[in-house]
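This report refers to the structure that appears directly beneath it.
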Amino acid sequence: MSVEAPARVHVHRPLASEEQARADFYALFARLMASAPDAKLLDTIAIAGEFPPDGDPALARAWSDFIAAAAVMDPEALREEYQALFEGMGAAEVSMYAAFFLGATAVDHPRVLLRADLARLGLGAADHVSEPEDHWALLFDAMRVLVAGGAGRASATIEEQRRFYQSHLQPGVAKFFHAMKAARSANFYRRVADLGLAFEALETESFRRD
């Protein structure tokens with residue numbers, strides 16, 4: 001896997017706590033899709049605090065299950081799980097590419113529009129990253145930058161965030177997390193999928209209302 005963990009966020013303006021939380025979730029999902037968490041990251045997740053009592057109940061439950069799973073997960077077993085799920089010998093159980101969940105054809109492929117939108121927003125993968133732009137780690141990291149700023153640019157407007165999310169994440173992200181949850185080899189990543197589905201539901205509804 002040549003996708004790297006997301007770089008540190010360089011914020012150009014103070015973020016509201018809700019916006020920082022959104023950026024942190026996107027950064028977390030980008031990291032979890034790039035490679036299996038190592039022991040240090042698992043330890044960090046395991047000691048993370050609980051959600052505030054006035055937070056979304058579904059997201060709070062998924063978060064609690066997620067940090068509990070991190071506390072007991074063996075890093076070597078998790079590396080094997082990640083490989084079986086996303087890299088597998090011959091064919092992975094779950095595709096890491098958004099286009100797969102859209103039934104994309106070579107003639108009408110969403111990567112063409114995605115490349116144009118990334119260029120318009122001043123975003124793109126580093127030169128040494130060989131994965132296509134619709135790899136989920138790269139899409140989540142693009143949303144992180146749009147929400148929080150970084151990669152040499154300020155945070156995007158809500159309208160820019162909405163347009164990118166609805167064009168490139170919303171059509172396939174729930175299908176991706178459902179496939180992950182249903183995969184035979186999934187263990188820790190079932191908890192990741194539950195967390196992703198709860199977060200995706202909030203993001204989708206929020207962009208619909210704004």
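The values are calculated or read from the model by the stated rules, or taken from the named source; none is laboratory data. Bear in mind that the values here come from a model prediction, so they are computed numbers and not experimental data. Cβ coordinates were reconstructed from backbone atoms using ideal geometry, including for glycine residues, and neighbour counts include every protein chain displayed.
The table below lists the values:
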quantity: Filtered residues of region 35-47 (kept if part of a loop (DSSP other than H, G, I, E, B) and within 18 Å of A193 (Cβ to Cβ)); calculated: S35, A36, P37
quantity: Any hit, region 189-197, residues being part of a helix (DSSP H, G or I), at pLDDT below 95 and out of contact with any Leu (no Cβ under 6 Å at 6 or more places or on another chain); calculated: no
quantity: Among the candidates F164, F177, residue that is part of a helix (DSSP H, G or I), under 16 Å from the mean Cα position of the chain (by Cα) and touching a residue at least 24 places away in the same chain (Cβ under 8 Å); calculated: F164
quantity: Residue under evaluation Y165, criteria (1) hydroxyl-bearing (S, T, Y); (2) modelled with pLDDT under 95; (3) more than 25 Å from G88 (Cβ to Cβ), criterion not met; calculated: (2)
quantity: Test: residue in region 31-42 that is loosely packed, with under 15 Cβ neighbours inside 10 Å, over 19 Å from the mean Cα position of the chain (by Cα) and without any contact (Cβ under 8 Å) to a residue 40 or more places away in the chain; calculated: yes
quantity: Residue in region 63-73 that is β-branched (V, I, T), without any contact (Cβ under 8 Å) to a residue 40 or more places away in the chain and in a helix (DSSP H, G or I) present; calculated: yes
quantity: Qualifying residue in region 127-135 (condition: modelled with pLDDT of 85 or more, under 19 Å from L32 (Cα atoms) and among the aliphatic types (A, V, I, L, M)); calculated: no
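This table checks each residue for (1) buried (at least 19 other Cβ atoms within 10 Å of the Cβ); (2) more than 30 Å from A71 (Cβ to Cβ).
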| site | (1), (2) |
| --- | --- |
| D141 | yes, no |
| A156 | yes, yes |
| R162 | no, yes |
| K181 | no, no |
| N187 | no, no |
| A198 | yes, no |
